[in-house]
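The values are calculated or read from the model by the stated rules, or taken from the named source; none is laboratory data. Values in this document were obtained by computation on a predicted structure and should not be read as measured data. Please note: Cβ atoms are built from the backbone with ideal geometry, for glycine as well, and neighbour counts cover all protein chains shown.
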Amino acid sequence: MHLPDPARLVATLADTGRRLVIVAAGGGSPAIPHLVTTPGASAVVLEALVPSARAAVDGMLGGPQESYCATRTARRLAAAAWQRAGRLAAAEGDVDAPARAVGAAVTASLRTSRPKRGDHRVCVAVQTLAATHVAELVLDKDARSRGDEETIAAALLLDLVIDACAAGGPGGLSGLRPGEVVRRDAVAAPPAWRELLAGVRPVTCGAPGGCPAPAAGGLVFPGSFNPLHEGHRLMARIAEEIAERPLAWEISVTNVDKPLLDYVEIRDRAAQFTDRPLWLTRAATFLEKLDVFPESTFVMGADTYVRLADPRYYGGSATAAEAAVEAIAERARGLVVFGRVRDGVFEDASHLDLPKRLRDVSYFVSRREFRLDVSSSELRRRALAREDAACDE
């Protein structure tokens, strides 16, 4: 197994004006010296990071991950790297920074000094404004040295960068054993998604059949919906009965303290919505949502409702939180708030200690009207249990 020609990669990046941030977590770090020691690399490689500890990965991604050796984690790291590449390029005066930025990441579970219970796995991702590229490879267990596995992880990462940036596509990996297959996925973004991630537009339709333009006075259900479940659908139906208006879903592709959603994530989450319109926005905060959906009624659970008045979500400023509450009460047509189960106990939103100004514009759905003990977090935990176990040492 040999690493791709670094001169070719540097030339490819330079010829297309690309600026790269590369991240290696848990394996694949030989890609970094292989690339940055090549003449001309300083013009295209903006930064290289090696977050080996899980806490370091958490710091980059805004919190603990369901699995640290997964294509989703690789995509999140690549998205964070793409955002960082855009900021660094913009700081150098690049007016077309989002289009030139490239974020590349690898996360791996490779051979160690202790026997591993799970697979030896390599997950890589590359994020550009045009597309999200992903590749995954499961290696024959204990068939190679750690050094050889590191070389494969680095080679796959660099090969995917070439795939994302060169018209000729991937060069392919040599030295794989029979049965070792690289599984690839790529989502090329439609123009509206690119404009959304680049910050050119604040909102776009996420439904295949199109959406009516956002209008004042609507009924909007914001959330991450990762995944959408029956509890969300029941909340939507009840909210429509209360507000006597049709509902639209909303997902923000940006987040206050986490990387933006990549195109694979957007594709997969958007595919869940077939019954009502879906809006994709850049409205990470509730005040931004009010700008996109003025004078609208918003649907939410008790956990989101509490955050509306929590100073922690306003830079720790009680004054900013009070101003936000006043703005929400003034600008929103209303809030439809559902309770939820926390630690086995149903939390009735009407019993929460929140400002009267906020409560005055809220309709609290009673326990009798709604209770479904399900959460997206629990569904994700179940879905990723096998993958997480495969990466445990």
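Key figures for this structure:
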{"item": "Close pairs (6 angstrom Cβ cut-off, 6 or more residues apart or separate chains): touching a residue at least 24 places away in the same chain (Cβ under 8 Å) in the range 1-13, of a type in the set (S, T, N, Q) and crowded, with 19+ Cβ neighbours inside 10 Å anywhere", "result": "Met1/Thr151"}
{"item": "Any hit, the range 297-318, residues being assigned to a loop (DSSP other than H, G, I, E, B), crowded, with 16+ Cβ neighbours inside 10 Å and touching a strand residue (DSSP E or B) at 6+ places or on another chain (Cβ under 7 Å)", "result": "no"}
{"item": "Filtered residue count, the range 1-32, keeping only those that are in a loop (DSSP other than H, G, I, E, B) and among the hydroxyl-bearing types (Ser, Thr, Tyr)", "result": "2"}
{"item": "Residue in the range 161-169 that is assigned to a helix (DSSP H, G or I) and over 30 Å from Thr281 (Cα atoms) present", "result": "yes"}
{"item": "Some residue of the range 96-110 being of a type in the set (Lys, Arg) and touching a helix residue (DSSP H, G or I) at 6+ places or on another chain (Cβ under 9 Å)", "result": "yes"}
{"item": "Odd one out for Glu326 among (1) outside any helix (DSSP H, G or I); (2) surrounded by 13 or more Cβ atoms within 10 Å (Cβ to Cβ)", "result": "(1)"}
{"item": "Output for the range 348-393, where each listed residue is surrounded by 15 or more Cβ atoms within 10 Å (Cβ to Cβ) and modelled with pLDDT under 80", "result": "Phe370, Arg371, Leu372, Ser375, Ser376, Leu379, Arg380, Leu384, Glu387, Asp388, Ala390, Cys391"}
{"item": "Failed item in (1) under 21 Å from Val102 (Cα atoms); (2) in the same structural domain as Pro30 (by TED's automatic domain parsing); (3) modelled with pLDDT of 95 or more, with Val182 passing the rest", "result": "(1)"}
{"item": "Filtered residues of the range 224-283 (kept if among the small types (Gly, Ala, Ser) and free of Cβ contacts under 8 Å to residues at least 40 places away in the same chain)", "result": "Ala248, Ser252, Ala271"}
{"item": "The range 109-132, subset among the hydrophobic types (A, V, I, L, M, F, W, C) and outside any loop (DSSP other than H, G, I, E, B), residue farthest from the chain's Cα centre (by Cα)", "result": "Val122"}
{"item": "Selected residue (only one of Val138, Val134, Val126 is at pLDDT 95 or above, touching a His at 6+ places or on another chain (Cβ under 8 Å), in the same structural domain as Leu35 (by TED's automatic domain parsing) and farther than 20 Å from Thr38 by Cβ)", "result": "Val138"}
{"item": "Residue within the range 275-288 that is assigned to a loop (DSSP other than H, G, I, E, B) and of a type in the set (S, T, N, Q) present", "result": "yes"}
{"item": "Filter pass, Ala90 being modelled with pLDDT of 95 or more, more than 19 Å from Arg194 (Cα to Cα) and either of a type in the set (Gly, Ala, Ser) or surrounded by fewer than 24 Cβ atoms within 10 Å (Cβ to Cβ) (or both)", "result": "no"}
{"item": "Inter-residue pairs, beta-carbon under 9 Å, first closer than 18 Å to Val10 by Cα and in the range 88-103, second of a type in the set (Val, Ile, Thr) and assigned to a helix (DSSP H, G or I), 6+ apart", "result": "Val102/Val161"}
{"item": "Residue ID - farthest from Ala283 (Cα to Cα), chosen from residues in the range 222-270 that are aliphatic (A, V, I, L, M) and in a loop (DSSP other than H, G, I, E, B)", "result": "Leu228"}
{"item": "Residue list for the range 33-56, restricted to those being assigned to a helix (DSSP H, G or I) and without any contact (Cβ under 8 Å) to a residue 40 or more places away in the chain", "result": "Pro33, Val36, Ala41, Ser42, Ala43, Arg54, Ala55, Ala56"}
